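Presented below is the structure to which this report refers.
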Amino acid sequence: MHESFTSSDVRQNALLQYWEKVRLDSFVSAATNDAQSTESFADLKAILPDILALSFGGRGEVIEGRRAGPVQARTVPSAGALYPYEIFVCVPEGLTRENTYLFRPDQNSLVAYGATCASEMARCAEISQRLPNQPDAVVVIASRPWLSMKKYGDRGYIYSTLDAGHAVFGLVAACKALNIDASVFIDIDKHAVIKALDLDNTCIQPVAAISLKIANNIAVNVPLGKGRWERDGRAVLEKPEADERNNWDRLLHPIHERGIAQIPHPLEVTESLFSMLRSVSDNDPSEKAATISTPSIETIYARRSVRGFQNAPVEIKELQKFCKAIDARALTDFAKISAGISAHLALVRGEDDEPCIYQINDAGLVKKNKIIDKSDIASILRERCMNQKILKNLAGLIVLHAPAGQFLAGSNTNSFQAIHYHAAHVAQQMSLAAVDASFGITCIGGFDGRKLSKIFAFSDDEEIIYVLALGIPEDCAVKLDREAVPWAHGGHPSDSKG
Ligand SMILES: Cc1cc2nc3c(=O)[nH]c(=O)nc-3n(C[C@H](O)[C@H](O)[C@H](O)COP(=O)(O)O)c2cc1C
């Protein structure tokens, strides 16, 4: 149990109970209403499939998947390439033959699904009164935790939440690249959305609604031609089998519920360590233009996870450039984490030989302290991340952390997801910022937070939420699915199906 909360805190708070349950270290011992013009309607029909393809669709490359074989790589990462969520898209009445579509990332296609139009979804989700304009489209990301939990056990719930967060911020990044306004809401009426999308008894949980407003000056004059509307057919969701149902039923009550407070958080630009980056840059507009860069379409398609690292150092200059390229601004209603999500880097293969801890903040990289008395810190870091083979030769480990215990104890249910969405947001933007750097990044969900914290000397209430490994990519490395992973998460390789 974490030193900062007492056992009575945990007994009385279902969220803290769940937090304790999914901590990896408990499993791993060893290792307003505008009239809509016809013109913008035409734009919307042309551009919407491409927006979605850019946000989370296939990037035109096949990667090694599970035993089932190769899978289509996507523009967003996912633990084990399992992509445990569905993407529903509600469009204005009359745009096309149906009002709700299911986006199929493997085919980059929109398949007719249901009758709820964009304005109706905005009303159901209780976001219309919080939006300045009637949305052109509303995208609902709904997670299907079982896809991840059948492989990773209870910890898989966290991965499904982080994965959904990457999808949400994949959409936000694509919208920025195309000059489309996107607002992210997680404080939505989930029960009403379940009804509107006919999700009862599907073991699928709506997690976020994103409203899109397409301005006349969209960034691309010519559609990208990647996404398409499926002319025929209708999407039917796969029915859950007994294992999935049992898993769903045993997930703690708060996980299924809307926030206890029932008071929507105001929509505002996310606060994180990167708000500091903005405030510094605001003093000098020229510096702002030079530092924060909106990801381009090419950058989004070029993102991928590194599958192995070379035994080579990373240059500090490159790391500084990377820090300054991160654009973590987004309009959301996320609960604020008092101190934001913060980031530290343990650099073990830098240009100077001494392993050091750096803080990533408004100034880029700030050196904090040397890592002393650690003869082989790179191996120790690897060991604290389940000894994953991919981490051999890593140059550094970025940890995203926050005072999670305090935050969860004093907040409503959505906060549990919000804390992971904040982290996934920062991680997604870091993954994009790494594209133009001379090093590469892989998001890591398999880590022992408590042991890792010791290296960074964090206070007891600071929890590591998410980790990113960085280094010089070994281009020919292959990452086959690791049989050890299900075992290390409390199961046995033979338990993993499909
Ligand atoms: C939440 C999350 C956790 C992940 N954890 C790990 C991990 O522990 N080890 C690893 O090698 N890759 C990890 N990955 C990277 C995925 O394996 C990778 O995203 C997936 O194979 C798809 O490949 P791509 O990112 O190149 O598209 C993780 C990704 C996410 C989003």
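Of (1) under 23 Å from Val62 (Cα atoms); (2) at pLDDT below 95; (3) of a type outside the set (Phe, Trp, Tyr); (4) surrounded by 16 or more Cβ atoms within 10 Å (Cβ to Cβ), Pro473 satisfies all except one. Which?
Pro473 satisfies all of (1) under 23 Å from Val62 (Cα atoms); (2) at pLDDT below 95; (3) of a type outside the set (Phe, Trp, Tyr); (4) surrounded by 16 or more Cβ atoms within 10 Å (Cβ to Cβ) except (2).
Is there a residue in segment 412-426 that is within 30 Å of Ser296 (Cα to Cα), within 13 Å of the ligand (Cβ to nearest atom), outside any helix (DSSP H, G or I) and at pLDDT 85 or above?
Within segment 412-426, not a single residue is within 30 Å of Ser296 (Cα to Cα), within 13 Å of the ligand (Cβ to nearest atom), outside any helix (DSSP H, G or I) and at pLDDT 85 or above.
So, in segment 449-464, how many residues would count as being surrounded by fewer than 22 Cβ atoms within 10 Å (Cβ to Cβ) and within 16 Å of the ligand (Cβ to nearest atom)?
Total meeting the criteria: 2.
Just to be sure before I move on: is Arg74 over 30 Å from Ala433 (Cβ atoms) and of a type in the set (D, E, K, R) in the structure I sent?
It is false that Arg74 is over 30 Å from Ala433 (Cβ atoms) and of a type in the set (D, E, K, R).
Out of segment 134-172, which residues are of a type in the set (A, V, I, L, M, F, W, C), assigned to a helix (DSSP H, G or I) and in contact with a helix residue (DSSP H, G or I) (Cβ under 6 Å, 6 or more places away or on another chain)?
Result: Trp146, Met149, Ile158, Leu162, Ala167, Phe169, Leu171.
When both residues are 6+ apart or on different chains and their Cβ atoms are under 6 Å apart, which pairs have a first residue that lies in segment 304-315 and is over 23 Å from Leu54 (Cβ atoms) and in the same structural domain as Asp436 (by TED's automatic domain parsing), and a second that is more than 16 Å from the ligand (Cβ to nearest atom) and of a type outside the set (A, V, I, L, M, F, W, C)?
Cβ pairs passing all conditions: Pro313/Arg349; Pro313/Gly350; Pro313/Glu351; Glu315/Glu351.
May I ask you to list the residues in segment 173-213 that are more than 17 Å from Met121 (Cβ to Cβ), assigned to a helix (DSSP H, G or I) and not aliphatic (A, V, I, L, M)?
Cys175, Lys176
The values are calculated or read from the model by the stated rules, or taken from the named source; none is laboratory data. Keep in mind that this is a model prediction, so the values were computed, not measured. Glycine gets a Cβ as well: all are built from the backbone with ideal geometry, and neighbour counts include every protein chain shown.
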